[in-house]
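**Student:** I have a structure I would like to understand better, so I am pasting it below and will then ask my questions one at a time.
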Amino acid sequence: MRKSYPSWIRNAYVLAILAMLNLTAFAQDRRVTGKVTDASNNGIPGVTVLVKGTQVGANTDGSGNYTINVPGNQNIIVFSRPLKSPF
């Protein structure tokens, strides 16, 4: 015999599933592109671009351009460049 649930429980279940589907739609990755430049507007190659708190990253190309896929729940990008060795 099939168990019957009250309609409010069925409705709550359906609403919970719809809410979960809606949340996954907002957690989409964003593609961010840009160019890292110096004070003279020249591109800087070799700069590391990271999403803060993750291991998602990219390096700038020879012209200073980068493309990175930022997870939907992240919004801070960190730029760093290795120090030149004095030797």
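**Student:** Which residue pairs have Cβ atoms closer than 7 Å, lie 6 or more positions apart in sequence or on different chains, and pair a first residue in the range 41-55 that is free of Cβ contacts under 8 Å to residues at least 24 places away in the same chain with a second residue that is in a strand (DSSP E or B)?
**Tutor:** Taking only residues 6 or more apart or on different chains, the pairs are Gly43/Lys35; Gly43/Thr37; Gly43/Asn65.
**Student:** Touching a strand residue (DSSP E or B) at 6+ places or on another chain (Cβ under 6 Å) and either over 12 Å from Phe79 (Cα atoms) or modelled with pLDDT under 90 (or both) - does that describe any residue in the range 8-22?
**Tutor:** The answer is no; no qualifying residue exists.
**Student:** Would you mention how many residues in the range 58-87 are free of Cβ contacts under 8 Å to residues at least 12 places away in the same chain and either surrounded by 15 or more Cβ atoms within 10 Å (Cβ to Cβ) or among the hydrophobic types (A, V, I, L, M, F, W, C) (or both)?
**Tutor:** Final tally of qualifying residues: 3.
The values are calculated or read from the model by the stated rules, or taken from the named source; none is laboratory data. Remember, it's a predicted structure, so these values are computed and weren't measured experimentally. Methodologically, a virtual Cβ is constructed for each residue, glycine included, from the backbone with ideal geometry; neighbour enumeration extends over all protein chains shown.
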